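A quick write-up on the structure given underneath.
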Amino acid sequence: MGRTKQPEIRERLLHACTDHVLAHGVPDRLAPLAAAAGTSPRMLLYHFTTKDALLREVLREARARQRRDFGELLRPRPDEPYPATLRRAWTEMTDGPARRYVAVFNPLREDADQRLWPGFRVEATTDWLEPLREGLAAVGRPELATVVLAVIRGLLVDLEATGDRHRTEQAWQHFVDLLGAGPVTATVPR
């Protein structure tokens with residue numbers, strides 16, 4: 001008869017592995033995760049069955065943390081205009097501890113096979129819409145949530161690819177200024 005699995009040990013291992021992935025990215029092997037968790041690769045497999053199963057759980061835990069952290073950043077505040085909230089959120093997403101999420105999840109978004117997280121692209125595209133709608137309602141523009149999300153995501157990908165913080169920061173500031181200016185109408189040339 002084998003040992004009974006202890007859920008508290010599994011939970012501790014999951015949190016340690018998640019901390020490691022958020023600090024260093026997704027490793028190719030189990031050894032770095034085992035070292036970070038203070039255990040062996042064999043014990044990780046005992047608790048999670050396969051490397052991919054462990055990585056899936058680690059990524060889901062990291063995503064839960066990101067939802068909590070980014071949700072808090074994007075939440076409207078009664079004492080702050082929402083454009084100011086968006087400016088502060090951008091700073092945290094690109095300079096603060098929240099930046100680690102971008103480094104972990106951007107490769108998942110680009111993974112055509114979506115082996116570790118089937119459906120990630122859809123989920124990652126829709127999970128920020130509600131907090132953005134809520135915040136943008138404060139400036140009378142909840143319908144712009146998809147546009148704001150697309151700009152955030154695009155500029156984050158741009159920043160990751162180019163490292164051009166100044167240019168992406170300026171683009172974000174200009175965009176947020178437009179949000180605060182009210183409805184923008186464009187004349188289409190005929």
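Read-outs throughout are calculated quantities, based only on the coordinates presented, and are distinct from any laboratory measurement. Everything quoted here is computed from the prediction, not taken from an experiment. Positions of Cβ are generated from backbone atoms using ideal geometry, with glycine treated the same way; all protein chains shown enter the neighbour counts.
What the table shows:
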item	result
Cα pair distances in the chain, grouped into 10 Å bins until the bin that holds the longest one, percent each	8, 31, 29, 18, 9, 3, 1, 0
Segment 59-135 - convex hull of alpha carbons, volume per residue in Å³	85
The chain, helix-only ellipticity at 222 nm - DSSP H runs n ≥ 4, -39,500 (n - 2.57), divided by all residues, nearest 500	-22000 deg cm²/dmol
Exposure proxy order (Cβ contacts within 10 Å, fewest to most) of Val157, Val104	Val157, Val104
Residue exposure sequence - Val151, Val122 - by fewest surrounding Cβ within 10 Å	Val122, Val151
Per-residue ³J(HN,Hα) for segment 118-129, Karplus 6.51 cos²θ - 1.76 cosθ + 1.60, θ = phi - 60°, Hz, x for Gly and Pro	x, x, 4, 4, 5, 4, 5, 7, 9, 6, 9, 5
Difference of contour (0.36 nm per residue) and Cα-Cα distance, Val122 to Thr91	8.7 nm
Alpha carbon convex hull of segment 1-76, projected area averaged over orientations, nm²	5.6
